[in-house]
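Note sheet for the following structure.
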Amino acid sequence: MLDPNTEEATRCCIVGGGPAGAMLALLLARRGVPTALLEMHHDFDREFRGDTVHPSTLEILDQLGLAQRVHSLPSNKISGPTLLTTRGPFTPFDLGRLKTKYPYILMVHQKDLLALLTAEAKRYPGFQLLMGANVVDLIREDGVVRGVRYQTNDCVHELRALLTVGADGRFSRVRHLAGIEPLRTSPPMDVLWFRLPHLAEDIEAPGGAFGGFARGHILAGFDRKDYWQAALVIAKGSYQSLRGQGIEGLRRLIVEIEPRLAKHVESLRDWQQASLLSVESSRCPRWYQPGLLLIGDAAHAMSPIGGVGINYAVQDAVVTANLLTQPLLAGRVSTDQLRSVQSRRQWQVRMIQAFQTQIQRRVIATALEAQEQQGLSIPWFVRAFTRIPFLRDLPPRMMALGVVRVRVET
Ligand SMILES: Cc1cc2nc3c(=O)[nH]c(=O)nc-3n(C[C@H](O)[C@H](O)[C@H](O)COP(=O)(O)OP(=O)(O)OC[C@H]3O[C@@H](n4cnc5c(N)ncnc54)[C@H](O)[C@@H]3O)c2cc1C
């Protein structure tokens with residue numbers, strides 16, 4: 001533990017113990033780079049923020065020798081959803097067809113994944129994990145970021161570093177302090193996340209997930225062994241009017257979409273049981289300044305379509321470590337080297353965001369606007385696409401494995 005009365009210094013200071021920050025900290029620590037990870041919360045157990053660990057992340061964990069440990073955490077596997085449509089069950093993709101050692105999404109509690117990554121990083125002597133450390137300012141000297149000021153209880157500390165990484169999520173304080181403004185688009189939907197119990201008479205979901213639609217709302221359920229993790233997709237800004245109908249209104253809507261959930265919804269008694277994700281898609285025009293780099297949601301918040309947010313954040317961390325470990329060890333990180341992280345990652349993020357926009361416009365928007373329609377109708381071109389073997393595997397491959405496979409350079 002750092003002594004607050006002495007001057008603190010490290011080589012790389014990472015702000016934010018989410019998937020991006022925790023993975024980067026581990027990758028740098030294992031290569032011998034003195035690294036401090038600062039997380040404003042006192043633990044990782046917070047509101048639901050997604051649990052989808054894709055094949056791309058599993059391959060990275062495999063390279064780090066952690067695949068077995070992540071599989072031994074409470075988890076289950078999803079290979080593809082079955083959508084309940086007007087023309088019967090429809091499976092838009094099947095990850096089981098992908099050429100990878102891990103052809104499925106592993107649903108793992110994010111807190112468990114973060115605890116695993118940071119516990120592994122702690123094995124290395126140059127690593128420091130500072131929990132309850134809220135970054136409030138950047139230290140700047142001659143136009144270069146030289147570290148951060150952070151608050152613990154009533155005390156403000158200074159931590160100096162050669163490189164500061166803002167991995168502090170979609171509302172990034174570091175990004176704000178640096179004066180970097182993301183370009184935002186606001187997909188016209190929000191998502192309400194909640195749990196439903198598993199019951200004796202349950203829904204069959206062979207691929208581990210199901211989906212349905214009614215009255216301008218989409219419902220998806222992911223099998224979590226002990227419960228269903230459910231997501232209700234609603235039109236942007238409609239949450240307050242849904243809340244106005246009381247929790248019974250939410251229960252009624254769910255049963256309208258999926259009548260077999262009539263008993264399950266009795267467990268919903270309070271709006272506190274649901275987390276609202278205000279959907280945003282954004283990207284920063286510039287991810288860096290001298291001495292500073294943004295990665296993960298801080299650089300680009302992703303739409304929830306495809307559940308890529310965690311996985312793209314992890315890929316950013318791997319590319320950052322691949323490109324910056326040597327410069328960090330050598331004690332000199334140039335602006336060109338920081339720019340190269342953005343160049344490697346930015347076009348892939350843009351490709352996925354463009355794909356998400358197409359799904360949003362052509363499938364989700366149509367469903368959300370169809371107030372009267374009672375069943376989910378899949379457009380003909382989507383059905384045609386999924387019948388052509390080469391084409392049908394392209395989108396899931398891009399979502400699950402990344403546009404380009406990212407590997408840890410050891
Ligand atoms: C309700 C919800 C559901 C989601 N579902 C999914 C899903 O199913 N699949 C998926 O892939 N993605 C999902 N996401 C998105 C996913 O959570 C993010 O894309 C991913 O966590 C990004 O990782 P990150 O490390 O960049 O940022 P984050 O995970 O946001 O981590 C940032 C960290 O920085 C810390 N922090 C913030 N400010 C400071 C500060 N000033 N000082 C110190 N620490 C700070 C925060 O406490 C946080 O721990 C969901 C998000 C939400 C909100």
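Could you tell me which residue of the range 8-21 is farthest from Q151 (Cα to Cα), considering only residues that are within 11 Å of the ligand (Cβ to nearest atom) and not hydrophobic (A, V, I, L, M, F, W, C)?
The qualifying residue farthest from Q151 (Cα to Cα) is P19.
Could you please find all residues in the range 149-175 being acidic (D, E) and either at pLDDT below 95 or assigned to a strand (DSSP E or B) (or both)?
Selection gives D154, E158.
Identify the single condition in (1) in contact with an Asp or Glu (Cβ under 6 Å, 6 or more places away or on another chain); (2) more than 28 Å from R146 (Cα to Cα) that V363 does not satisfy, given that it satisfies every other one.
All conditions are met except number (1).
Go through the range 334-357 and give me each residue that's of a type in the set (G, A, S) and more than 18 Å from A321 (Cβ to Cβ).
Listed by number, the list holds a single entry, A354.
May I ask you to list the residues in the range 22-49 that are farther than 13 Å from K111 by Cα, touching a helix residue (DSSP H, G or I) at 6+ places or on another chain (Cβ under 7 Å) and either in a loop (DSSP other than H, G, I, E, B) or within 7 Å of the ligand (Cβ to nearest atom) (or both)?
Across the range 22-49, the qualifying residues are R31, G32, V33.
Name every residue in the range 247-261 that is surrounded by fewer than 19 Cβ atoms within 10 Å (Cβ to Cβ), within 13 Å of A274 (Cβ to Cβ) and of a type outside the set (V, I, T), in order of residue number.
Residue satisfying the conditions is G249 alone.
All but one of (1) without any contact (Cβ under 8 Å) to a residue 12 or more places away in the chain; (2) closer than 27 Å to G21 by Cα hold for K99; which doesn't?
Exception for K99: condition (2).
Kindly indicate whether any position in the range 178-191 is at pLDDT below 95, among the hydrophobic types (A, V, I, L, M, F, W, C), surrounded by fewer than 22 Cβ atoms within 10 Å (Cβ to Cβ) and within 16 Å of the ligand (Cβ to nearest atom).
Yes: the range 178-191 contains one or more residues that are at pLDDT below 95, among the hydrophobic types (A, V, I, L, M, F, W, C), surrounded by fewer than 22 Cβ atoms within 10 Å (Cβ to Cβ) and within 16 Å of the ligand (Cβ to nearest atom).
Can you tell me which of (1) more than 25 Å from the chain's Cα centre (by Cα); (2) in a loop (DSSP other than H, G, I, E, B); (3) within 28 Å of V349 (Cβ to Cβ) is the one I180 doesn't meet?
I180 satisfies every listed condition except (1).
Within the range 269-289, which residues are under 22 Å from R175 (Cα atoms) and either among the hydrophobic types (A, V, I, L, M, F, W, C) or part of a strand (DSSP E or B) (or both)?
Residues satisfying the conditions are L277, S278, V279, S281, S282, R283, C284, W287, Y288, Q289.
The values are calculated or read from the model by the stated rules, or taken from the named source; none is laboratory data. Small disclaimer: the values here were computed from a predicted structure and weren't measured. Ideal geometry is used to build each Cβ from the backbone, glycine not excepted, and the neighbour counts take in all protein chains shown.
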